Each structure stands twice: as C-alpha cells, then as structure tokens.
Amino acid sequence: VSTPRGDRLTRTAQQRAEARAAALERAHRQRVLAIVGVVAVLLLPVAAVGLLSLDDKKDKSQKIHTTAKSTPAKGSATTPAANPAGAQSRTDVPILMYHVINAPKADTSLPDLWVSRENFQAQVDELKREGYEAVTLQRVYDAWKGKGSLPKKPIVLSFDDGYNSHFTNALPILKAKGWPGVENLQINQTQKDLTPDKVKTMIAAGWEVDVHTYSHPDLTTVDDSALKHEIADARAEIQQTYGVKANFFCYPAGKYNTHVIDAVKAAGFLGATTTVDGVATPDSAPFELPRIRINGSDGVQAFKDKVAVGSTNPGASVGE
Ligand SMILES: [Zn+2]
C-alpha cells in the first residue's frame with residue numbers, strides 16, 4: 001500500500017490552469033521551431049542553386065560536376081524532417097498507479113486505494129476512446145533509448161502490491177483490449193491470494209512483473225542487509241520464479257532517498273517508479289519516474305483530467 005503524502009496529490013484548479021497554460025505555451029514554441037526548421041530546409045536548395053549560378057559564372061566546365069555534388073546534399077538536408085518515427089520514440093508517457101481493483105470493503109481505512117471493477121472498466125474504455133494504447137515500462141524504456149517505438153498515445157497501467165483483484169478484475173478487462181499491465185509485485189502477497197500460477201497467467205497475457213520488495217518496508221529506515229534483501233534478493237527471486245527480467249523497481253509507500261536509489265542501481269535495475277505525481281518523460285530521472293495516482297473517488301471527469309493534464313503537461317511536478 002502506497003500512502004499518500006500530505007496534500008501533494010491534490011491538484012487545485014489554479015495549478016491545473018497554470019499547467020495547461022504552460023503546456024499551450026510549450027506547444028506554441030514547438031510549432032514556431034518546427035516552422036523555422038521547415039523554412040531552413042526549403043531554403044537549402046535555393047542556396048545550392050545560388051552556388052551553382054556562381055560556379056556557372058566562374059567556369060562552365062565545372063557545372064556538371066557541381067550539379068552532381070549538390071544533389072545528394074539536398075537529399076540529406078530533408079532526411080531529418082522526414083523521420084517522425086524517431087520523434088515518436090521519445091514521447092511522454094503517463095504511468096497510472098492503481099492498488100485494489102474492487103469495491104472497497106466496509107471496514108477499510110483507505111477506501112481511495114480501491115477502484116471498483118465498474119469504474120476501472122469505464123476508465124479503460126475512456127482511454128481506448130481517447131486513442132491511448134497501454135504498454136509496458138520495458139517498452140517505454142527501450143523506445144526512450146532509441147530501441148523500438150511507441151504507439152501514438154502510450155500509457156502504462158501499473159498495479160501495486162500484488163492484490164488478487166489484479167488477476168480477477170484488471171487482467172480480463174485489459175486482455176479484452178489486448179493491453180498489458182505492469183504488476184509491482186510484493187512477494188509476500190503471493191503467499192496469500194495472488195499465487196504464482198496466477199502471476200504466470202498474467203505474464204502469458206503480456207503483463208510485466210516488476211519488484212516491490214518482500215514485505216513493503218519504508219526503505220529509508222532499514223539497515224543495509226535488509227535493503228539488499230528487499231531489493232536485490234527480491235529481484236533474484238522474481239527472476240527465478242517467473243523467468244522474467246524484472247528490470248524495474250517500485251518504492252514501497254513511495255519512500256526513497258539517494259542511498260535507496262544506489263541500492264536499486266546496484267541490484268541492476270534499469271529504473272524505478274515513485275508516488276511523485278506527474279507524467280514520465282524521456283528526461284525524467286530513470287530511478288525517480290513519476291506516476292499519476294488513480295483514486296477510488298475519481299469520477300470519470302476527474303480521471304480524464306488527471307490523464308489529460310499528464311499528457312499535455314510533460315515534466316510538471318504538480319503539487320510538489
Ligand atoms: Zn505498495
């Protein structure tokens with residue numbers, strides 16, 4: 001269970017308005033830069049023709065030679081602009097954070113950690129309608145490193161702690177869309193209801209399994225041997241049990257510091273997710289990837305707002 005820290009997760013209307021204004025401003029600047037780039041590319045042949053005519057005046061015998069040289073130069077000048085697939089691999093990605101996918105039990109102290117099956121279904125349907133496509137963290141990481149590409153509107157749906165409802169409710173709803181989820185597995189939970197055979201079924205459906213320790217301690221307070229056990233040993237056990245890479249770590253309750261990050265790096269992870277609110281970008285620190293917390297109390301509109309602000313406001317640390 002990741003505990004909300006204070007009111008950092010509460011986005012005020014004012015913050016949203018500022019975030020949208022910043023996103024619009026950024027989009028405007030990008031359009032201006034794009035226009036400048038196109039004009040520069042268009043001007044290159046003109047410049048080449050100018051050089052040709054200078055050459056022509058100097059020496060007619062060199063004209064053919066010069067023309068032959070200028071042709072490939074013109075071609076290479078247009079190549080970068082004709083490569084939108086490259087840009088797509090560096091796109092921003094909202095990483096949603098879920099806990100239980102079920103109606104809250106009457107006696108629960110943290111009802112916001114519970115998103116009902118019906119609400120989850122509505123949220124996934126909404127994402128599909130908006131053109132999103134769920135991917136794994138590994139695919140995001142690879143694309144950001146220039147190895148592979150991302151869909152037009154990528155999104156990661158991550159599920160913390162290894163609850164049985166990830167298997168009973170989230171798995172079939174995502175499977176119907178052909179989408180993977182990301183399970184942040186707390187190993188001790190698999191001794192309870194999300195058993196290893198269920199986890200294997202999720203992996204077979206394309207899910208990524210990442211590491212969320214054995215016992216969910218606050219890692220900033222444990223000694224070094226416990227730190228190694230909860231991070232490195234947990235990864236080794238998940239790799240051994242499921243034959244997966246488990247390349248990403250998720251800090252229990254979002255608690256971490258530089259010492260914890262060093263231990264995660266030493267265990268060979270490629271990155272880690274936090275409970276810091278925001279959208280992940282190719283420029284995010286890989287061991288401090290922000291996420292967007294989805295609460296049980298979020299209506300469809302609140303859900304849409306969270307995802308929309310995330311996807312149009314790269315890099316903003318809203319409420320932090
Ligand atoms: Zn947790």
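The values are calculated or read from the model by the stated rules, or taken from the named source; none is laboratory data. Everything quoted here is computed from the prediction, not taken from an experiment. Here the Cβ positions follow ideal geometry from the backbone for every residue, glycine too, while neighbour counts run over all protein chains shown. Surface accessibility is based on the protein's heavy atoms, side chains included, excluding ligands, DNA and RNA. Shrake-Rupley method; radii C 1.70, N 1.55, O 1.52, S 1.80 Å.
Would you compute the Debye intensity of the range 160-225 from its alpha-carbon atoms alone, equal scatterers and no solvent, and pass along log10 I(q)/I(0) at q = 0.14, 0.18, 0.24 Å⁻¹ to two decimals?
-0.42, -0.63, -0.97
So what J values fall out for the range 262-271 if you push phi through Karplus, 6.51 cos²θ - 1.76 cosθ + 1.60 with θ = phi - 60°, rounded to Hz, Gly and Pro as x?
After applying 6.51 cos²θ - 1.76 cosθ + 1.60, I find 4, 5, 5, 5, 4, 7, x, 5, 8, x Hz.
Spin-label point model (7 Å from Cα, Cβ direction): what's the Gln88 to Asp223 distance in nm?
5.3 nm
Suppose R0 equals 41 Å; then what is the FRET efficiency for Lys265 and Glu130 from their Cβ-Cβ distance, rounded to the nearest 0.05?
After rounding, the FRET efficiency stands at 0.70.
Calculate, for the range 137-200, the solvent-accessible area per residue in square angstrom, rolling a 1.4 angstrom probe over the heavy atoms of the protein chains.
39 Å²
Once you sort the root eigenvalues of the Cα gyration tensor of the range 123-171 as a ≥ b ≥ c, which label holds: rounded (a/c under 1.5), prolate (a/b larger than b/c) or oblate (the other case)?
Oblate is the answer for the range 123-171, as a/c is 1.5 or above yet b/c matches or exceeds a/b.
In square angstrom, rounded to the nearest 10, how much accessible surface does Glu126 have for a 1.4 Å probe?
Answer for Glu126: close to 20 Å² accessible.
Which of the residue pairs Lys128/Lys152; Lys147/Lys200; Lys152/Lys177 have a Cα-Cα distance greater than 20 Å in the structure shown?
Over 20 Å apart, Cα to Cα: Lys147/Lys200.
What are the residues whose amide H is under 5 Å from the amide H of Asn102, where those residues sit 5 or more places off or on another chain and H is modelled from the backbone?
For Asn102, whose amide H was placed from the backbone, the distant partners under 5 Å are Val115, Ser116, Arg117.
Of Lys105, Lys128, which has the most accessible area with a 1.4 Å probe, and how do the rest follow in descending order?
Sorted descending by solvent-accessible area, the residues read Lys105, Lys128.
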